[in-house]
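The values are calculated or read from the model by the stated rules, or taken from the named source; none is laboratory data. This one's a predicted model, so the numbers in the text were calculated from it and none came from an experiment. For neighbour counting, all protein chains shown are included, and Cβ atoms are generated from backbone atoms with ideal geometry for every residue, glycine included. The protein model used for the area step is the full one, side chains on, heavy atoms only, and it has no ligands, DNA or RNA in it. Shrake-Rupley method; radii C 1.70, N 1.55, O 1.52, S 1.80 Å.
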Amino acid sequence: MSSLSLSARDTPDMADTPIDEARIRRLADLLLEVARTVDPELAASVPSNFEGDPRLEALRSVLLEHDRAAFARLQQKVDDPQEFAEAVSAVLASAFALAASRDERLASILAPTMERATQASIRTNPKTMVGILYPLMGPAISKSLAETLDGTLQGLNQAFKYSFSWQGLKWRLEAYRSGSTFADVVLKHTVVFRVEHVFLIHRKTGLLLEHVAAAEAASQDPHMVSGMLSAIQDFVRDSFSSAEGGRGGGIDSLRLGDLTIWCEEGPSAFLAAVIRGNPPESLHTQLRETLGHIHEDLHGPLEQFEGDSAILGDLSTRLGSCLQQQEQPKEERLSRWLWILPLVLVIAVVSWAVSRAVEESRVDAYVQLLRDQPGVVVTGAERRDGLWHVSGLRDPLATDPAELLAKANLAPDRVAGHWEPYQALNPAILLKRMEATLSPPTDVSLVIYGNTIRARGSAPQHWVEKARAFIAALPAGSPRIDLAELQDVQDPTFIALRQAIQAHIIPFDSGSPRPARDQEPRLDKIAEELAQLIKVARGLGFSVRVTIIGHADATGRDTSNLSLSAARAEVVRSMLRARGIAPDLLSVRSAGALEPLKPDATDEEKAINRSVTLTVSTTD
Amino acid sequence: MIQKKVCVLGSFGVGKTSLVRRYVQSMFSDAYLTTVGVKVDKKTLAVGSADVTLVLWDIAGEDDINAIRMTYVRGAGGYFLVADGTRPETLEIARSIQARVNTEVGAVPFLLLLNKADLQESWGLSREPVEALEAAGWTILRTSAKTGENVEEAFLELAKRMLS
């Protein structure tokens, strides 16, 4: 509950004045009444001492008249929408400004409403919004179009420039292969540039805020350059901007030969990039973004800048991102070792050609060697399927062609021989054939004289006979074989045995077909000698025939003598057979009395003619 | 490092370009003065322990036809007003320029250089106006581009004032 107290400060002149109790009470009542009037709570709890006192109402109307009127006016303002709106409108702008300066809440509260309002406005009448945006969109669209067109024209210029050159033809081929347009390929190859310097320049003072340069870029004093760039921007802006345009745009781009300066303007600073070559449009975007970020982050320092760049911190990293470059794609140079490939090829071809020529000459030499060989007739030599084929006729006794390959320095697998066998009549081959067929004894030498083969030395009878038979079988036109100088020689054992056998005379009694009784040992001896002879002859390579000749003396009739002599020979044959001599080696002949061993013999001597003799002949 | 934009202003032919030519690092041709109307040079000097780079905007002289482009003055940290001691009217022009520059950039430090001090015997400048300017708080130096008198001092003085 509220309390009411009254105190009076003593003043010097009041100290002597006696206090009127009644006056004080009245004043207290009055003040209590005033308090009751002001505080409704007090009015309810403390009863009034002035109820029904008309003076109080009069006092109220006097004291509170002004407040009541003011309150009524206020009430009227709040109750009447028109008046309330007027009152709020008077302070609304200040209230918004105050709220916006305090924090961001106002903006975030208003944003949805603004969006809805904008949408409603566009729905209701799009023209209004177009009218609002036109001053912004017009320049934005035209700038964008200009830049696009600039890029396209740049591309077109390049395309025309390279359309009809050798380079152009190569690029056309590349475009065809890669499936892209020719213009794209031209751009790819020609958009080559290097950002050499980037200046960040304070707009108001023209002072340099930051400068970065590419390595090896020609360097001028960046302070002076930025000052002068700034001055030129001002000059252009002053000279060519329309008066009502106020702060018109400055220079976007300056070109001097291969150098281009691109300027990107921001509210407090501008970026100038010095570019050598043909920059792509994307660089503009990069410059714009870099400048935008710098302004976002350093808005205050940029505004306050008066020459001390320390307040901006280090901006070189940010500007460094604008130092872009694109290098001309280097011609794909062939490896310096690649020349080895053709060299190896050339060496291979040359060595192949040389080896082929060498081989060919060797084959020629080989063929010549073959032609020089007796018994070989070369009919053809050709190269087929990587191999040499030599064909012809060859006597089997002639030199083996394969043996001559080594002589001609040819590998056996490089040459294939195709030889038809034939019998050569060449004296040398004939000599070989004689040697092969007759196996001449060591004492026999065969020598060629022109078209004749001469046999010299000594040879057994049977060989000579073999040689004669060989000569007889030769075809007509063969070289002559001369055996005239050949001496007939026999084996001494054979000769001795033959002489011994041929010396035997087996006597017979007159008229008897059987040898005399004392002739048994002689027959044994003959059989023994014959067996030896046969053995010796076989050892020498031939066989023998023994002719048993029966004789009769001249007494008696011739016919009986003939049959007697035949009988005598037959008996001897059978007796020799009985002694182990093969009968097919023994032939018999009856000489009768026609071949007496001793003609004109006496009677005593006639006994000799009653006999059997033996003749040895040789056969092959 | 601290940089300051310094404008060199004055009437045509008072020797602004000559005044700075021997004392600054220069890379642009004087032809810019007649084409663009300004030539930028640089002067680096030490004020106390700090290095200050003065980027000098040598602005083409004013005459009856061409007024100074005030755009070039914008953002200047200080400026030189140059008058020719042999031509009293150039002092008047300097005063006029100062008034305009003051409007554009505010009260930034400046020095008045009375150039051609080497030709003092042929000066037509009376004392009164100079003293009046000094009384008004202007700092005035007599300089000679020919002899180099007071030139270095002028740069140093302006640099000091801009840094203080």
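Some points to look at:
- Filtered by the rule that a residue be within 12 Å of another protein chain (Cβ to nearest Cβ), among the hydrophobic types (A, V, I, L, M, F, W, C) and open to solvent by 20 Å² or more (accessible area, probe 1.4 Å), the stretch B:46-59 gives a lone residue, B:Ala50.
- Among the residues of the stretch A:197-228, the one identified as touching a residue at least 12 places away in the same chain (Cβ under 8 Å), open to solvent by less than 10 Å² (accessible area, probe 1.4 Å) and more than 19 Å from A:Ile294 (Cα to Cα) is A:Gly227.
- Of all the listed residues (A:Ile429, A:Ile471, A:Ile453), the sole one being open to solvent by 40 Å² or more (accessible area, probe 1.4 Å), at pLDDT 85 or above and either part of a strand (DSSP E or B) or not charged (D, E, K, R) (or both) is A:Ile471.
- Test for A:His211: is it farther than 17 Å from A:Ile261 by Cβ, within 14 Å of chain B (Cβ to nearest Cβ) and at pLDDT 85 or above: no
- For the stretch A:356-376, filtering for residues that are open to solvent by less than 60 Å² (accessible area, probe 1.4 Å) and either of a type in the set (Ser, Thr, Tyr) or within 20 Å of A:Glu420 (Cα to Cα) (or both) leaves 9.
- Just so you know, in the stretch A:488-502 the residues that are part of a helix (DSSP H, G or I) and among the β-branched types (Val, Ile, Thr) include one that is farthest from A:Ser458 (Cα to Cα), and it is A:Ile501.
- Residue count for the stretch A:474-510 satisfying the condition of being under 30 Å from A:Ala554 (Cβ atoms) and either surrounded by 14 or more Cβ atoms within 10 Å (Cβ to Cβ) or in contact with a strand residue (DSSP E or B) (Cβ under 7 Å, 6 or more places away or on another chain) (or both): 9.
- The stretch A:578-620 - residue that is outside any helix (DSSP H, G or I), farther than 20 Å from A:Ser543 by Cα and among the basic types (Lys, Arg) and, of those, least open to solvent (accessible area, probe 1.4 Å): A:Arg610
- Taking the conditions (1) modelled with pLDDT of 90 or more; (2) within 14 Å of chain A (Cβ to nearest Cβ); (3) over 15 Å from the mean Cα position of the chain (by Cα); (4) over 21 Å from A:Met228 (Cα atoms) in turn, B:Gly106 satisfies each one other than (1).
- Failed criterion for A:Thr442 (all others in (1) of a type in the set (Ser, Thr, Tyr); (2) within 17 Å of A:Ser478 (Cα to Cα); (3) assigned to a loop (DSSP other than H, G, I, E, B) hold): (2)
- Residue count for the stretch A:169-205, restricted to those that are outside any strand (DSSP E or B) and touching a Leu at 6+ places or on another chain (Cβ under 8 Å): 1.
- The conditions of being among the aromatic types (Phe, Trp, Tyr) and open to solvent by 10 Å² or more (accessible area, probe 1.4 Å) are met by B:Trp123.
- Screening the stretch B:23-45 for residues that are over 24 Å from B:Gly148 (Cα atoms) and crowded, with 20+ Cβ neighbours inside 10 Å and picking the one that is modelled with the lowest pLDDT gives B:Val36.
- Check on B:Val82, more than 10 Å from every other protein chain (Cβ to nearest Cβ), assigned to a strand (DSSP E or B) and either at pLDDT below 85 or open to solvent by less than 60 Å² (accessible area, probe 1.4 Å) (or both): yes
- A:Lys170 meets all of the listed conditions (1) modelled with pLDDT of 75 or more; (2) open to solvent by less than 50 Å² (accessible area, probe 1.4 Å) but one, namely (2).
- Scanning the stretch B:60-79 for residues that are under 13 Å from the mean Cα position of the chain (by Cα), closer than 22 Å to B:Lys160 by Cα and within 12 Å of chain A (Cβ to nearest Cβ) gives B:Val73, B:Ala76, B:Gly77, B:Gly78.
- Considered as a group, the residues in the stretch A:214-264 that are within 14 Å of another protein chain (Cβ to nearest Cβ), in a loop (DSSP other than H, G, I, E, B) and farther than 23 Å from A:Ser316 by Cβ include one that is modelled with the lowest pLDDT, and that residue is A:Gly246.
- Residues in the stretch B:10-25 that are more than 14 Å from every other protein chain (Cβ to nearest Cβ) and part of a strand (DSSP E or B): B:Gly10, B:Ser11.
- The stretch A:280-320 holds helices (runs of 4 or more DSSP H) entirely within its bounds, and those carrying 2 or more residues that are at pLDDT below 90 and under 21 Å from B:Ala50 (Cβ atoms) map to A:299-304.
- Within the stretch B:105-119, considering residues that are in contact with a Ser or Thr (Cβ under 9 Å, 6 or more places away or on another chain) and assigned to a helix (DSSP H, G or I), the one surrounded by the most Cβ atoms within 10 Å (Cβ to Cβ): B:Ala117
- Of everything listed in (1) away from every other protein chain (no Cβ under 13 Å); (2) not in a loop (DSSP other than H, G, I, E, B), the single unmet condition for B:Arg87 is (2).
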